[in-house]
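Peer 1: The structure follows.
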Amino acid sequence: MMNNRRQNVIDTAHKLFIDKGYQATSIQDILDGSGISKGTFYNYFPSKGELFIAIFRSFYTKIRHEREKLLIGQDSADIEIFIRQLELQLMVNKQSKLLILIEEVRVSNDEELKQFINKTLLLSLRWMYNRFIDIFGESKKPYLLDSVIIFHSMMTHMSHFSYRANPAGTPDIQIIRYCMNRIVHLVNEVAESGEQIIDPELMDTWFPKFTNQLDACHNDLLHSTTELKKAINKAIPCDEDRRRAIELVDFIQDELMQSDKPREFLIESLLSTLKTGYASQIQAYMEAFEESIHSCLSR
């Protein structure tokens with residue numbers, strides 16, 4: 001019941017932020033719209049800014065889950081799967097109008113939220129970078145962060161100017177595919193030339209251990225989760241078993257990333273189920289995943 005009421009506040013605030021704007025929406029507006037008391041609100045969220053962050057967490061989780069579903073039973077090196085993942089991400093962003101909120105925050109005086117938006121962008125770049133490694137291979141890894149930054153900028157600006165030229169809009173998938181076709185040639189070209197601007201290892205310095213924000217756990221949790229899911233997709237032949245294993249991994253990650261007080265007993269129970277059912281096929285990746293979990297729990 002508490003989770004339902006909290007989600008109702010998130011949904012109400014999201015609508016108000018879109019209709020009135022983040023700055024113009026007061027906490028009283030949110031109280032009136034969701035039918036809760038001020039005490040209940042502050043029990044859920046320490047501030048309006050934390051509520052804004054909770055909205056992004058909610059949609060980020062949805063995007064991440066849907067992206068992972070598209071990979072189940074598929075070749076992670078398949079560019080078509082990546083294009084579909086990006087199309088899904090853009091669709092959710094448009095439907096939720098998150099980009100409108102982002103633009104308002106960028107021009108506000110709220111430095112904390114601006115930093116949060118920047119961290120969100122970095123997480124998106126990191127995901128794309130990992131997917132580029134899947135697609136283009138380890139041999140091109142030194143050049144892939146540069147390529148991802150160019151690709152992200154290309155898509156952003158193509159979408160913007162395409163809309164200005166044609167308000168009816170160019171289909172997202174057409175823009176994604178156009179940019180992807182260009183970037184394939186670019187990756188091969190820079191790999192052959194050996195040119196590099198930004199060393200991918202610098203990404204680790206861009207991800208401090210954020211607390212109570214989008215990535216509340218250690219950075220290696222994100223990495224070990226990604227690697228474990230890849231191993232599950234390759235090692236477990238049954239579609240239903242793969243789906244179930246990935247659901248368990250997602251549940252554990254969400255519990256660690258989205259709760260200020262992760263339920264250790266629940267995490268250990270889910271880990272036991274995962275290890276009992278599938279550990280023999282993915283043992284090395286399970287060990288790294290379990291180590292990152294315990295690092296988060298011991299913070």
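Peer 1: Over the alpha-carbon set of the chain, work out the extent along each principal axis and list the three values in angstrom, largest first.
Peer 2: 59, 56, 35
Peer 1: I need the Debye-formula profile for segment 130-170: one equal scatterer per C-alpha, no solvent, reported as log10 I(q)/I(0) at q = 0.22, 0.27 1/Å, two decimals.
Peer 2: Here the Debye-derived log intensity ratios amount to -0.67, -0.81.
Peer 1: Ok, one more. Compute the Rg to Rh ratio over segment 63-125 from the alpha carbon atoms, using the Kirkwood formula for Rh, and round to two decimal places. Intermediate results must be reported in sequence, preceding the final value.
Peer 2: Details: Rg = 14.4 Å, Rh = 13.3 Å.
Radius of gyration relative to Kirkwood radius: 1.09.
Peer 1: Given a Förster distance of 35 Å, report the FRET efficiency between C238 and K94 from their Cβ-Cβ distance, rounded to the nearest 0.05.
Peer 2: On the way: r = 35 Å, r/R0 = 1.00.
For R0 = 35 Å, the calculated efficiency reads 0.50.
Peer 1: Excluding K230 itself, what net charge comes from residues whose Cβ is under 12 Å from its Cβ, given Lys and Arg +1 and Asp and Glu -1? Present the calculation step by step, with values, prior to reporting the outcome.
Peer 2: Details: positive: R131, K229, K234, R242; negative: E68, D75, D134, E227.
Charge balance in the 12 Å sphere: 0.
Peer 1: Can I ask one more? Can you give the translational diffusion coefficient of segment 1-100 in µm²/s, computed by Stokes-Einstein from the Kirkwood radius over Cα pairs at 10 °C and 1.306 mPa s? Numbers along the way, then the final one.
Peer 2: Working: Rh = 15.0 Å.
The diffusion coefficient I find is 106 µm²/s.
Peer 1: Please calculate how many Å² of accessible area the chain carries per residue, with a 1.4 Å probe and no DNA, RNA or ligand atoms counted. Mind showing how you got there, number by number?
Peer 2: Numbers: 15420 Å² over 299 residues.
Per residue, the chain has 52 Å² of solvent-accessible surface.
Peer 1: If you add up the charges near T40, with Lys and Arg at +1 and Asp and Glu at -1, over every other residue whose beta carbon is less than 10 angstrom from its beta carbon, what do you get?
Peer 2: Numbers: positive: R5, R6, K38; negative: none.
Net local charge, T40 excluded: +3.
Peer 1: Where does the chain land at 222 nm, in deg cm²/dmol rounded to the nearest 500, when only DSSP H runs of n ≥ 4 count, each adding -39500 (n - 2.57), divided by all residues?
Peer 2: Values: 13 runs with 222 residues, N = 299.
About -25000 deg cm²/dmol.
Peer 1: Return the distance in nm (one decimal) between the two label points of a simple spin-label model at W206 and A165, each offset 7 Å from Cα along Cα→Cβ.
Peer 2: So the two model labels end up 2.8 nm from each other.
Peer 1: A follow-up question, please. Roughly how many whole Å is it from the C-alpha centroid of segment 149-182 to that of segment 48-109?
Peer 2: Between the Cα centre of segment 149-182 and that of segment 48-109, the gap is 17 Å.
Peer 1: If I take R0 = 41 Å and measure r between the Cβ atoms of A24 and F251 in this structure, what FRET efficiency does the formula 1/(1 + (r/R0)^6) give, to the nearest 0.05?
Peer 2: Values: r = 37 Å, r/R0 = 0.90.
Once the sixth-power term is evaluated, E becomes 0.65.
Peer 1: Output the peptides 153-162, 121-130 sorted from most to least packed, where packing is the average of other Cβ atoms within 10 Å over each peptide's residues. Write out the running numbers ahead of the final one.
Peer 2: Working: 153-162: 14.5, 121-130: 17.6.
Averaged packing, sorted descending, gives the order 121-130, 153-162.
Peer 1: Next up: Loop-only trypsin sites (Lys or Arg not before Pro) in segment 41-125, please: DSSP not H, G, I, E or B, and at most 14 other Cβ atoms within 10 Å.
Peer 2: Working: sites: K48, R57, K62, R64, R67, K69, R84, K94, K97, R106, K114, K119; in loops: K97.
Hits after loop and neighbour filter: K97.
The values are calculated or read from the model by the stated rules, or taken from the named source; none is laboratory data. Remember, it's a predicted structure, so these values are computed and weren't measured experimentally. Note that each Cβ is placed from the backbone with ideal geometry, even for glycine, and that neighbours are counted across all protein chains shown. Remember, those area values only see protein heavy atoms, side chains included, never the ligands or the DNA or RNA. Shrake-Rupley method; radii C 1.70, N 1.55, O 1.52, S 1.80 Å.
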